[in-house]
Structure formats: C-alpha cells, structure tokens
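Colleague: Pasting in a structure now, in structure tokens, and then I'll have a few things to ask.
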Amino acid sequence: MRRATLPSVQPAAPPLDVDRLRRDFPILSSRAAGKPLVYLDSAASTQKPAPVIEAMNAFYREGYSNIHRGLYALSLEATEAYEEVRGKVQRFINARESREVVFVRGTTEAINLVAGTLARQRLESGDEILVSTLEHHSNIVPWQRICEEKGGVLRVAPIDDKGEVRLEAFEQALGPRTRLVAIAHVSNALGTVNPVAEMVRMAHRRGIPVLVDGAQAAPHLQLDVQALDCDFYAFSGHKVYGPTGVGVLYGKASLLEAMPPYQSGGEMIRSVSFERTSYKEIPYRFEAGTPDIVGVIGLGAALDYLGTIGLECIAAHESELLSHAAEALASVPGVRVVGQAGRKAGVLSFVVEGAHPHDVGTILDREGIAIRGGHHCAQPLMERLGLPATARASFGLYNSHAEVDRLVDGVRKVREIFGSCPS
Amino acid sequence: MSELMDLYQEVILDHTRRPRNFGSLDSATHRAEGDNPLCGDKVSVALELDGDVVRDIRFQGKGCAISTASASMMTELLKGQKAALLATAFRQFQDLVTGQAIEPPDDLGKLVAFAGVAAFPVRVKCATLAWHTAKAALENSQQPITTE
Ligand SMILES: Cc1ncc(COP(=O)(O)O)c(C=O)c1O
C-alpha cells in the first residue's frame, strides 16, 4: 500500500530532529563510566522509547487479561488490542493480509518454525537448503539440524572480499535439489544489504521458496514483502524498538495453509478429542499457548512510534551517520573497516591493528561507549574473513554525529594505549 | 583512564606483542585446548613433563591482550618448575584477578601485573583461560575446556 504509490525516485527525506527523539528514550540520559552513555549496540537490541514502555505499563494496569477465550468485556478488548497489532505489522511490512502475520518469540523462533514445518515436510534425502556465508547462527543451525534429520545437504552461497553475496554465485548455488533458500536481508556482522528481490526472482524461476531473515533490516529499511515477493520474512520486536519476547513470521497465506502445526496445545486447536484433533486456521494454528500478549502490545506501540517518524527518514539519517562513521574511523591510523559492500545499513565492523576487539570494547566501555566485540554469532563468516572477531558499532535512529565523534576519539585512545604494533 | 592503565600495564602489552613460549611442542606429554565462546578466544597449551618437573611448555592460539599475555607469562612462570606450582599459582592468580586475594600472591612473580583485571569482571575469563587449559592438560582431560 505504502510503497506501491511512491514514485521510483523518492524525495529526499527531511532530517531527523535527533535531539528531540533522544528525549523519548529514558535510558539515553543515563551515564556510563561517569560520562553520557553512547549506545552503539542497537544491532544486538535497540533501546525502548517511552511510548513503548508506557503502552505496556498501561496495558497491565488497565487492559490486561488473557485473549481469545474470555466471555467478558476485558478479554474481548484485550483480544482486540492484540489483533489490532497484527494489522499494524501487516501495514509495517506491507503484507497482503493480516492472517499472514504469525506472532512468535523472535527471529530465531520464526526460522525454527519454518524449519520444523515446511522444511521437515518437504526435505528428502539428498535435497538441499541454500544459505549464505554471512548468515547469523540462527539462520544456519535450524537448517543444519533439519538437514541432519532428513539426510539433506546445507549449501552455502559464497561472499566476495567486500562482504557481498554475488548474484552470479548465488544463482550458481541454486540447484535442481534446492528446496528452500534462507538468506539475510541485512548482515548483522557487516551491514551488507543483500539484493533480496533479485535473489527471490532467481529462486522462484526454479520454483524454490525463500525465507528472508529480516532481523537487521526491519529497523533500518522500509519493508515491502509483496515487492520483495519473498515467501517468509522473519524479524524480532526487540530490534525495532519494541520489547523482547515477541517477533514476527510473515508467510504467504498459501504456504502457511499447507504447513502442519509447529507447537501444539491450547489456542491452536479447533476441537480436540482423544481420537482426533483439528486445528485452527492460520495464523492461529501456529500460535499455540498463551502468547506474549503484552509484548505484542509493546510491539504495536513501537511500530506506531516508527510510523510517526517514518522509516525513510530513519534510513536516511542512519545511512548518513554510517558513512560519516566509516570515513572518520578509517582516517584513524591502523583502523580498518571490515565489509565494503556497496549498500550497507546500520552496522559498522572494524578492526584496530594490534588491539583485539575485546580490548577495544573494554577501552571504549571506560569511555561510556557501548559497542560489541566478538564473532557476532557469525563464526563461518569470521572464518571466511580470516578474523577471529571484529569490533562492531551499530546505529539506531537516536544516534548522533557527536556520538560518532566520541567513538572515533575512543578508538584513538585504543591506539594510544596499544601503540603501533611492532610486528 | 587509570583503571585502564592498571589493566594494560607495559609488561602485559609487551607479552601481548611478543608472546613467549608461543608455538607447538612436539615432545609434549600433556596437552589441552580451551576456548572462550563469548569472544572466540582459543588457546592450546602443551607441556612436557620430566618426572614432576615442567621441562617445556608452549601455547598457541588467538586471543585478546589479556588472554595472550596471561598465557605467555604463565608459561614463563611454569617452565623449569615443579608441576605442582600450577595449582598453587592458579589459586593465587584467580584470587588476584577477582580482587579477593586471601593468600599473598607469593608464587606469581611478574604476574601480579594482572591485579588490574579485578576492576573488569568480564575480563576474568580472558585472564584465566590459559590456566584452566593448563590445568586440564595436566589432568589429562580429554574434554575441550570452555570458560562457559
Ligand atoms: C541477522 C540476525 N538474524 C537472527 C537474529 C536472531 O534474533 P533473535 O535473537 O531476536 O531471535 C539476529 C539477532 O542478533 C540477527 O542479527
């Protein structure tokens, strides 16, 4: 709905009033190591704006009950509030129908759901599932396990030295036995934005369904699952300024309808007898048990919040911040930015000569700067890059130029302490 | 800054840049591997015992400044000494880096430089990784050692 009406050349997004937005995030006024906190770990999890915190608080105080079962007004209202968020998610990702939105615990569960249903149903001995080198462990291990169970083969589309999955190599990796493609929209370790729409087209030409791991894309890019034409799209609430414990699996209705249940129990059944149980229609078939009701309410508030700002504006701000940071960091002697993809979002990985990312993290921590140092749950990618780990700064809508400058000063301090490496 | 200076003392940085006893040891009688899954640090320790004396000891691996320097200085401490020194020195070292020294660190020598780790609880695992691994090697543990 949103995307379809936009012209292909989008007007320049108005700049964000970051100072004002920062005041929406209570934690950002706190201090770390005696200095104002510089939070540069949004790829791990974003901080929460007051409207999200307050919506959850208010719901507990005024609107809470279990859903889908009460005969009383409070339960009906809670059910309505919960289902309203399904509609908000539908609009957020531009899904055709709200029943294509399944609430899960997060990206990890969304992927496990598809692995445990569609993949388990379709995979036969010798069949293949295709991922890429830059996947997060949660988009590797569930497929690996189902391959082990079914005698399938996990294939890997390679990346080049810039950290991009080349379309030609990707297409070559699609074979007659490929039954599913699972690919990240945005890499959590390098920030690479994959050409997912083209990948989906290539896979669909061979009749292969595609799951997109959107954990790192949802906070940064305007999403449109219909334009991407992907079959599944997974993301986590806690990375889009919402609470932990809730996430989304989008699936095309025709595929969801053909899939067996995932977990089983209450809420997902139509009728139960000891001889036979029949299951509810989608999406409820995949939502067994009492869900994270208040988490869903919080997610709705987060999407409303993002809606008032606009993903285009957020994307423009973050992309500008990212290029500024990349340029400024690369100007520090001995610092190398890891991942030179043509299109990146939200994430800047780097290494400092002579200093392990862990030490970089400790020194920056003492400057009040929160970054991540490690393998970022992407060990095969680190192996391919020949690095044990990287330092990673990742950005959210609330990060400012001044914070990037403090990061750069902090990295200079790392160089001061570690000096230049004699070897 | 001063806590950082205490952590990254010159002797520690020196061992990070030029680790001693680094490499493989073909004559090893005991060896073990360890890793810290949190940060991907990996270390392997190999010892050659002659009776109860550590005739040679080497380590290999990739890690942060703290884990590399700790491994390097530990090998210097143990080389040529009775193997039993590992247990007493490890106990003292653990107390030192967790800031709860009960015994005086009499057996640690230069390793007292690691006292600064106590101000950085998340780095204790880095500092002790090689020690856990050496201990496992002496105990002939077949299981890879992990700090988790
Ligand atoms: C690309 C990617 N996929 C999957 C995940 C897993 O998300 P969650 O832990 O919220 O299930 C993450 C989170 O770090 C991620 O960055």
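Colleague: Identify, by number, the condition in (1) more than 13 Å from chain B (Cβ to nearest Cβ); (2) surrounded by fewer than 21 Cβ atoms within 10 Å (Cβ to Cβ); (3) part of a helix (DSSP H, G or I) that A:Val411 doesn't meet.
Modeller: It fails just one condition, (2).
Colleague: Could you say whether any residue in the range A:113-122 is in contact with a Lys or Arg (Cβ under 7 Å, 6 or more places away or on another chain), more than 14 Å from every other protein chain (Cβ to nearest Cβ), away from the ligand (no atom under 16 Å from the Cβ) and part of a strand (DSSP E or B)?
Modeller: no
Colleague: I'd like to verify a number: residues in the range A:354-390 that are aliphatic (A, V, I, L, M), farther than 22 Å from A:Val131 by Cβ and more than 16 Å from the ligand (Cβ to nearest atom), how many?
Modeller: 5
Colleague: Got a sec? Which helices (runs of 4 or more DSSP H) wholly within the range A:224-340 have at least 3 residues that are of a type in the set (A, V, I, L, M, F, W, C), within 16 Å of the ligand (Cβ to nearest atom) and free of Cβ contacts under 8 Å to residues at least 12 places away in the same chain?
Modeller: none
Colleague: Residue check: is A:Phe103 of a type in the set (Phe, Trp, Tyr), at pLDDT 95 or above and in contact with a strand residue (DSSP E or B) (Cβ under 8 Å, 6 or more places away or on another chain)?
Modeller: So A:Phe103 passes the test.
Colleague: Moving on to the next point. Is it fair to say A:Val246 is under 29 Å from A:Thr308 (Cα atoms) and of a type in the set (Val, Ile, Thr)?
Modeller: yes
Colleague: A further question follows. For the range A:326-370, which positions are under 24 Å from A:Ser30 (Cα atoms), more than 12 Å from chain B (Cβ to nearest Cβ) and surrounded by fewer than 24 Cβ atoms within 10 Å (Cβ to Cβ)?
Modeller: A:Gly368, A:Ala370
Colleague: Out of A:Thr192, A:Thr277, A:Thr244, which single residue is surrounded by fewer than 20 Cβ atoms within 10 Å (Cβ to Cβ), under 18 Å from the mean Cα position of the chain (by Cα) and hydroxyl-bearing (Ser, Thr, Tyr)?
Modeller: Exactly one of A:Thr192, A:Thr277, A:Thr244 is surrounded by fewer than 20 Cβ atoms within 10 Å (Cβ to Cβ), under 18 Å from the mean Cα position of the chain (by Cα) and hydroxyl-bearing (Ser, Thr, Tyr), namely A:Thr244.
Colleague: When A:Glu367 is evaluated against the numbered criteria (1) under 14 Å from A:Ala43 (Cβ atoms); (2) outside any helix (DSSP H, G or I), which criterion, by number, is the only one it fails?
Modeller: (1)
Colleague: May I ask you to list the residues in the range A:379-408 that are touching a residue at least 40 places away in the same chain (Cβ under 8 Å), surrounded by fewer than 18 Cβ atoms within 10 Å (Cβ to Cβ) and of a type in the set (Asp, Glu)?
Modeller: A:Asp405
Colleague: Exactly one of (1) more than 10 Å from chain B (Cβ to nearest Cβ); (2) in contact (Cβ under 8 Å) with a residue 60 or more places away in the chain is unmet by A:His376. Its number?
Modeller: The number of the failed condition is (1).
Colleague: Run B:Ser70 past the list (1) more than 13 Å from B:Ala134 (Cα to Cα); (2) within 14 Å of chain A (Cβ to nearest Cβ); (3) among the hydroxyl-bearing types (Ser, Thr, Tyr) and report the number of the one that doesn't hold.
Modeller: Against the list (1) more than 13 Å from B:Ala134 (Cα to Cα); (2) within 14 Å of chain A (Cβ to nearest Cβ); (3) among the hydroxyl-bearing types (Ser, Thr, Tyr), B:Ser70 comes up short only on (1).
Colleague: So, one more: Could you look through the range A:210-223, keep only residues that are part of a loop (DSSP other than H, G, I, E, B) and within 12 Å of the ligand (Cβ to nearest atom), and pick out the one that is nearest to the chain's Cα centre (by Cα)?
Modeller: A:Ala215
Colleague: Looking at A:Ser75, A:Ser98, A:Ser45 in this structure, which one is within 18 Å of the chain's Cα centre (by Cα), hydroxyl-bearing (Ser, Thr, Tyr) and within 24 Å of A:Gly295 (Cβ to Cβ)?
Modeller: Among A:Ser75, A:Ser98, A:Ser45, only A:Ser45 is within 18 Å of the chain's Cα centre (by Cα), hydroxyl-bearing (Ser, Thr, Tyr) and within 24 Å of A:Gly295 (Cβ to Cβ).
Colleague: Could you please let me know if A:Pro49 is buried (at least 19 other Cβ atoms within 10 Å of the Cβ) and away from the ligand (no atom under 16 Å from the Cβ)?
Modeller: Answer is yes for this residue.
Colleague: Which one is nearest to the other protein chains (Cβ to nearest Cβ), of the residues in the range A:97-112 that are away from the ligand (no atom under 15 Å from the Cβ) and not small (Gly, Ala, Ser)?
Modeller: The residue in question is A:Val101.
Colleague: Among the residues of the range B:40-67 satisfying the criterion of being assigned to a strand (DSSP E or B), among the acidic types (Asp, Glu) and more than 14 Å from chain A (Cβ to nearest Cβ), which is farthest from B:Leu13 (Cα to Cα)?
Modeller: Only one residue tops the list, namely B:Asp50.
Colleague: Regarding the range B:31-39, can at least one residue be identified that is in a loop (DSSP other than H, G, I, E, B), surrounded by fewer than 24 Cβ atoms within 10 Å (Cβ to Cβ) and within 14 Å of chain A (Cβ to nearest Cβ)?
Modeller: Yes, some residue in the range B:31-39 is in a loop (DSSP other than H, G, I, E, B), surrounded by fewer than 24 Cβ atoms within 10 Å (Cβ to Cβ) and within 14 Å of chain A (Cβ to nearest Cβ).
Colleague: Would you point out which residue out of A:Ala115, A:Ala184 is at pLDDT 95 or above, surrounded by 20 or more Cβ atoms within 10 Å (Cβ to Cβ) and under 17 Å from the mean Cα position of the chain (by Cα)?
Modeller: After applying the criteria, what remains is A:Ala184.
The values are calculated or read from the model by the stated rules, or taken from the named source; none is laboratory data. Owing to the predicted nature of the structure, the values given are computational and were not obtained by experimental measurement. We place every Cβ from the backbone using ideal geometry, glycine too, and count neighbours over all the protein chains shown.
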